[in-house]
Amino acid sequence: MCGIVGYIGNRDVKEVLLNGLSKLEYRGYDSAGIALKTDDEISIFKENGRLDKLAKKVEKINLPSQMGIGHTRWATHGKPSEINAHPHFNKNKTIAVVHNGIIENYLELKNELIKEGYKFITETDTEVLAHLLDKYYEGDAKKTLMDISKVIRGSYAICAMFNDEADTLYCMKKDSPLIIGKGEKDAKENFIASDIPAILEYTKEVYILEDNEIGVLTKKDVTIYDTLGNEKDKPITKVTWTMESAEKGGYEHYMLKEMHEQPHTVRDTLNGRLSNSSDNITFENANLDINEFNKIYIVACGTAFHAGLIGKYLIEKLVRIPIFTDVSSEFRYRDPIIDDKTLVIAISQSGETADTLAAIRLAKERKAKTLGIVNVIGSSIDRECDYTIHTCAGPEIAVASTKAYTAQVICMYLLSVYIAKEKNLMQEDDFNTFKCAMLKLSSQIEEVLAKEDYIKDIVKKYIKAKNVFYIGRGMDYYVAKEGSLKLKEIAYLHSESYQAGELKHGPIALMESATLVVGIVLDEDLIEKTKSNLKEVKARGAKIVVITEEGLDMSDITDDVIYIPKTEWAFTSVLANIPQQMIAYYFATLLGNDVDKPRNLAKSVTVE
Ligand code: F6R
């Protein structure tokens, strides 16, 4: 959730830290801070609120520093405030530390430290780390980290500086991502970051730290140890993302840019797996034998879970086996009925979502096989699953997920067709029809994106709506769930998704003139039924916007129809969601909200 940057080298340390943090701000943004090491002391500067406040505060600071650490915080323990912001000091201000994650036994440790005379000035769990480092430090920082790794429990990515060790930066991790960027040859600099965009401008060569590894950085070298002190020989990972792809590219918001990247995302996600000449689907890392399993579970959170629901619908339709779905936070505590004949599919953009990670760990404990559908390569879920399919959406910066969802849904399409083929349940003709339809999706998304101004005008008409319902039947209902979530997240409007047929069992009581109903009307067999549900809400005075396929007449319900191009029944979900994204985006911007950083939300939810 929070962001970490560390730097050692000859550049302007303050600038590298602030610049890196600005690329990570999306991960957590209630406060920020940096620590700069000079010859004889460490100075810390912190601010509550956005990074630009911190940047202003340190504008005139010009310390001769060659090493520093920085942090953007998303509060977990203690309210967002300057004092709770990281970095934190030990009592003599000789050690500074930043931390992502949660120290689960911090209360226990805090009480012990208080008994030993340590004074706490913040409400954070991280301050425990500062005092523990102080307690264990006897002139060897690496050993100190090794020692504290034995007493702390929980998740952590830690970066620390010691006043006595003027030219060395330290980091350590468990269950929270951390990478080390290797400065270019002869550059005499190295970097630490919790996520790639923070250091992409400076290097494309990174070490992805594993749990219980300690990184020791000087200007010239990076050495990695395990927590027993043994040096490790780690491979360098070459990052293929460009800075361009991690930045806004001329759009007003990351979210808008990412929505417009979706045609590309679809091409990238299909690439190498399906082409005009394919007679099957191929997955590079996932040579799983689907016939080994008699049960499939799909687990994920939020938007990723909605992609999973599309997967459930399609696999059940094509393969006629029941698919179980659960949000990860329920699955992990449900005592799920799984065994070595179960495949648990975990979907995650970040690959770091705490509940989803816990779900796959539980699945593995119970001998189930795990398949990750993951965007961030090298993330925990990517590494820990038995098989992975990468979603190839590139970095997604806006908190609200758009292109990553689209890529996840495309993977669900590929996977369902793959399973149907493996089980000999799809004839060649059907496969060819599906193949052609999938290969057209990218250009069809472009057609839908071209309706942006039209959709914006529709939103303007209904900008005063107080409640927004998204309704549909069958797969359209799963699409509706995503539309409603997106609107809640960024427009802060009360919204619900409902199965159209369920409205009359309660929620129809809420239909009145300030209610807007977005109807997803695509499922061929159910069009008339959903239309009659829409007529029922219309009769109660609610306003209606319909998302449907070209050629269908909705004039008896509303003039506000958003048409998507015709495709095969299986693939409407990805096209129908594009207008939903636009609706949410324009509600949010017209209401003056911060679209990329919606309140109370963080991009990567690495705490339970
Ligand atoms: C909504 C959104 C969240 C995430 C959820 C899971 O726009 O982004 O609901 O989908 O937090 O995150 P990942 O996919 O990183 O596991």
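The values are calculated or read from the model by the stated rules, or taken from the named source; none is laboratory data. Quick caveat: nothing in here was measured; it's all calculated off a predicted structure. Positions of Cβ are backbone-derived with ideal geometry, glycine not excepted, and every protein chain shown enters the neighbour counts.
Somewhere in region 330-345, is a residue under 22 Å from PHE434 (Cβ atoms) and either at pLDDT below 95 or acidic (Asp, Glu) (or both)? No. When HIS99, HIS71, HIS86 are checked against the criterion of being within 24 Å of the chain's Cα centre (by Cα) and either in a loop (DSSP other than H, G, I, E, B) or of a type in the set (Lys, Arg) (or both), a single residue qualifies: HIS86.
Selection of region 310-329 for residues being in contact with an Asp or Glu (Cβ under 9 Å, 6 or more places away or on another chain), within 16 Å of the ligand (Cβ to nearest atom) and not β-branched (Val, Ile, Thr) yields SER328, SER329.
Among residues of region 295-312 that are in contact (Cβ under 8 Å) with a residue 24 or more places away in the chain and polar (S, T, N, Q), those with a Cβ under 7 angstrom from a residue that is buried (at least 23 other Cβ atoms within 10 Å of the Cβ) and in a helix (DSSP H, G or I), sequence gap 6+ or separate chain, pair up as THR303/TYR405; THR303/GLU482.
Taken over region 1-50, residues that are among the basic types (Lys, Arg) and farther than 24 Å from LYS219 by Cβ amount to 3.
Among the conditions (1) surrounded by fewer than 24 Cβ atoms within 10 Å (Cβ to Cβ); (2) touching a Lys or Arg at 6+ places or on another chain (Cβ under 6 Å), the only one that SER81 does not satisfy is (2).
Just so you know, in region 455-497 the residues that are more than 16 Å from LYS543 (Cα to Cα) and touching a Pro at 6+ places or on another chain (Cβ under 8 Å) include one that is nearest to the ligand (Cβ to nearest atom), and it is GLU489.
Of the listed requirements (1) within 16 Å of the ligand (Cβ to nearest atom); (2) charged (D, E, K, R); (3) free of Cβ contacts under 8 Å to residues at least 60 places away in the same chain, ASP429 misses just one: (1). All conditions but one from (1) away from the ligand (no atom under 11 Å from the Cβ); (2) at pLDDT below 95; (3) touching a strand residue (DSSP E or B) at 6+ places or on another chain (Cβ under 8 Å) apply to PRO395; the one that does not is (3).
Among the numbered conditions (1) more than 13 Å from the ligand (Cβ to nearest atom); (2) in a helix (DSSP H, G or I); (3) touching a residue at least 40 places away in the same chain (Cβ under 8 Å), the only one that LYS364 does not meet is (3).
Which residue, of VAL374, VAL344, is in contact with a helix residue (DSSP H, G or I) (Cβ under 6 Å, 6 or more places away or on another chain), within 14 Å of the ligand (Cβ to nearest atom) and among the β-branched types (Val, Ile, Thr)?
On the way: VAL344 fails: within 14 Å of the ligand (Cβ to nearest atom).
Exactly one residue qualifies, and that residue is VAL374.
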